[in-house]
Each structure stands twice: as structure tokens, then as C-alpha cells.
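Take a look at the structure below.
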Amino acid sequence: MKSLGVSLASAPTMRSARRRLSGFSSASVPSAPFPRMIGKVIFELFDGRMHDKDHLIAVYRAHNAEVRAVIPPDRLLVYHVADGWRPLCDFLGVQVPDGETPKVNSREEFGAHIAVEVAKAMV
């Protein structure tokens, strides 16, 4: 089975998430899947330091370095969505689909989703 390297969210997405999630604490994270995932990312991965840009970048770089160190190069794809279907499909050994790579989960969509989930979690 091949592994797929996944980079963490982009800087603009992280800024948006920091604004929307400030005030969250590990004690306020309910057990529903989305809040649980947020808790793991914010409080476990980023140690609750969403306000600390240098810390976020260091964690991001350490994560990517660990992935590259652990996964053999022939089993790792560092994929950039902007590259389109070809690198991903070649890596997975599947046919390239017709059409452009879909653009979903924009910064605005992500921010709106986070706002709804945070509001539900705070109730």
C-alpha cells in the first residue's frame, strides 16, 4: 500500500482558524467527531498555541520532515492540488479523470464550516 504525504493547512487557512477558534479550550471540546478532530489538532498537535505563528510553522515543518523520514520515497507522494490529477493518479496507478481538479473547501467555505461547528460546540 502506498502512503500519501499530506501537508497541513495553508497559512491563510491557519490565520482564519486561529481567529475563529480563539477562546476554545481543551475542556470545551465535545466528543462529536469534528470537535474531537479540532481538539486533537489544536490541543495535541499544536499544543493549544494557535496564536503563535512561529510554533505553528515549526510543528508543520517537523511533521513534514517526519513523514519524509518515515515513509520510503517510492511510497510517498508530496502532492500539491495545483498540480492537477496527473501526479496523484500516476502515483496511485489509476487513470486520470476527465476535467479539472475540483476546487472545494475554499478559505471561505472552511471558515463558514468552522464557525458553524464552533457555535454548535459552544452550546
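In table form, for the structure just shown:
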{"read-out": "The stretch 49-108, residues that are of a type in the set (Gly, Ala, Ser), over 25 Å from ILE38 (Cβ atoms) and part of a helix (DSSP H, G or I)", "value": "ALA69, ALA82"}
{"read-out": "Unique residue being touching a Leu at 6+ places or on another chain (Cβ under 6 Å), surrounded by 12 or more Cβ atoms within 10 Å (Cβ to Cβ) and of a type outside the set (D, E, K, R) when the list is LEU77, LEU88", "value": "LEU77"}
{"read-out": "Check on VAL70, surrounded by fewer than 12 Cβ atoms within 10 Å (Cβ to Cβ), on the phi < 0 side of the Ramachandran plot, without any contact (Cβ under 8 Å) to a residue 12 or more places away in the chain and β-branched (Val, Ile, Thr)", "value": "yes"}
{"read-out": "Residue under evaluation ALA9, criteria (1) surrounded by 11 or more Cβ atoms within 10 Å (Cβ to Cβ); (2) at pLDDT 80 or above, criterion not met", "value": "(2)"}
{"read-out": "Unique residue being farther than 16 Å from ILE114 by Cβ, among the hydrophobic types (A, V, I, L, M, F, W, C) and modelled with pLDDT of 55 or more when the list is ALA62, ALA27, ALA17, ALA32", "value": "ALA62"}
{"read-out": "Enumeration of residues in the stretch 69-106 that are under 18 Å from the mean Cα position of the chain (by Cα) and among the hydrophobic types (A, V, I, L, M, F, W, C)", "value": "LEU76, LEU77, VAL78, VAL81, ALA82, LEU88, VAL104"}
{"read-out": "Test for MET50: is it at pLDDT 55 or above and surrounded by 16 or more Cβ atoms within 10 Å (Cβ to Cβ)", "value": "yes"}
{"read-out": "Output for the stretch 53-65, where each listed residue is more than 14 Å from the chain's Cα centre (by Cα) and over 20 Å from GLY111 (Cβ atoms)", "value": "ASP54, HIS55, ALA58, ALA62, ALA65"}
{"read-out": "The stretch 29-41: number of residues that are in contact with a helix residue (DSSP H, G or I) (Cβ under 8 Å, 6 or more places away or on another chain) and either free of Cβ contacts under 8 Å to residues at least 24 places away in the same chain or hydroxyl-bearing (Ser, Thr, Tyr) (or both)", "value": "1"}
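The values are calculated or read from the model by the stated rules, or taken from the named source; none is laboratory data. Note that the structure is a prediction, hence the values are computed from the model and not measured. Quick reminder, even Gly has a Cβ in these numbers, built from the backbone with ideal geometry, and neighbours come from all protein chains shown.
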